[in-house]
Amino acid sequence: MGDFEAVRLEIGGGIATVTLSQPQRLNATTPRVIGEIMAAVDMSLQEGARVLVLTGEGRAFCSGAGLKDEVGASALTGDLGLVLEEHYNPLFLRLAELPIPIVSVVQGPAAGAGCSLALAADFVIASHAAYFLMAFVNIGLVPDMGATWLLPRLVGIPRATEMLMLGEKLSAEKAEAWGLIYRATTPAALSETAAALTNRLARGPTVAYGLLRTALRAGLHQPLAASLALERANQRRAGDTADCAEGVQAFLNKRPAVFTGA
C-alpha cells in the first residue's frame, strides 16, 4: 500500500504495519527513508488504523542512520544537526503525538536511530535474537532522535548513561529486566506474541488510548496540578465517546465490551 521504496505499509483489522524493507542495508535510515516512514504513518491514520506496528524485514530491525547516502557517498558531512531538525526530529515528535498506540516488533538488532525508533513505541516486543545498541559514541557522535530524553525516563540516569556512553549491545532479555521494553520472547513466538497484543489494542477504546498517550508524556515534565487539569479535560472527552457508553453497558450486562474506536 502506498508508493514507497524503503518501507512497506499493510493495513487490516484496524492494524497498520510499517515494515522497514531494505534488508540488504539492514534497514538503515536516510532522510528519504525517514520521510517514507512519516508518510506511511500519516496514511495509516487516514485509513482509520487503530494501532500502529513498526518492524523490520530480514535479520535487523534497523541498523540506524546509514553512513553512506543513496549514491554511496559519506552521509556524515555538512551540518548533521540540520538533518535531525528537518527529518529525524519531526518523526520522533510525530510518533510521540500519535493518537493511537504504537507497538514495535524487534526481530533483530536495533541500533542508533533504529534503537530510538523502536523505543518510541508504547510496547516493544523483542526476539531473543535482538539487541539494542546506542552506538553514537563509537563514531564520535552524540545520541539523537530523542535518545537523551527517552532513555533516562525509561530506565533512569545510571542505566541510560551506561547505554549512551559505553555504546555496548544490550540483549533483549536484559532490556526486559531493566524495564526498557515490554517483553522479550523466543524468535519462534515473536509473531504470535505481537499479534495477540496488537489485536487486543486494535479492539480497544482508541480515543481513550490516544488521550492516555498524551497525558503520560505531559506528566513527565509538568506539575501535578497541570496533570490533574489534563486528566479532567481528558475524562470529559473520553466520557463523551460511544466506546465509554458501550463499556459501561457491557459492564452492567456482564458481557465483553465491543469497542469501535469512536
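Quick notes on this one:
- The charge dipole of region 206-252, taken about its Cα centre with unit charges on the Cβ atoms of Lys, Arg (+1), Asp and Glu (-1) only, comes to about 220 debye.
- By the compact-protein rule of thumb, 2.2 N^0.38 Å, the alpha-carbon radius of gyration of region 70-170 corresponds to a ratio of 1.10.
- Between the residues Leu117, Ala160, Thr185, the greatest Cα displacement towards the positive end of the dipole of region 7-202, with unit charges on the Cβ of Lys, Arg, Asp and Glu, is found for Thr185.
- Region 127-185: GluC sites (Glu not before Pro) in DSSP loop, at most 14 other beta carbons within 10 Å: Glu168
- Trypsin sites (Lys or Arg not before Pro) within region 169-213, DSSP loop, no more than 15 other Cβ atoms inside 10 Å: Lys169
- Residue-wise HN-Hα coupling along region 150-165, computed from phi with Karplus coefficients 6.51, -1.76, 1.60 (Hz; x: Gly, Pro): 6, 4, x, 6, 7, 10, x, 4, x, 6, 4, 4, 4, 5, 7, 8
- Cut-off 11 Å (backbone N to label point 7 Å along Cα→Cβ of Ala189), residues of region 119-140: 128
- Among the trypsin sites (Lys or Arg not before Pro) found in region 44-138, not one is both in a DSSP coil and sparsely packed, with 11 or fewer other Cβ atoms within 10 Å of its Cβ.
- Cα long-axis angle, helix 242-252 against the chain (0 to 90 degrees, to the nearest 10): 60
- Rounded tilt (10° steps) of 206-218 against the dominant C-alpha axis of the chain: 60
- Hydrodynamic radius by Kirkwood, which averages 1/r over all alpha carbon pairs of region 109-262, in angstrom: 17.8
- Sequence ranges 98-105, 114-121, ranked by mean other-Cβ count within 10 angstrom, highest first: 114-121, 98-105
- Note: relative contact order over the chain, using C-alpha pairs below 8 Å and six or more positions apart, is 16 percent.
- In this structure the amide hydrogen of Val7, modeled in the peptide plane, comes within under 5 Å of the amide hydrogens of Ser21, none closer than 5 places in sequence on its chain.
- Taking each DSSP H run with n ≥ 4 as -39500 (n - 2.57) and averaging over every residue of the chain yields -13000 deg cm²/dmol at 222 nm.
Here, each number is a calculation from the coordinates, and none is a lab measurement. None of the values given here were measured: they were computed from a predicted structure. Glycine also receives a Cβ, built like all others from the backbone with ideal geometry; neighbour counts cover every protein chain displayed.
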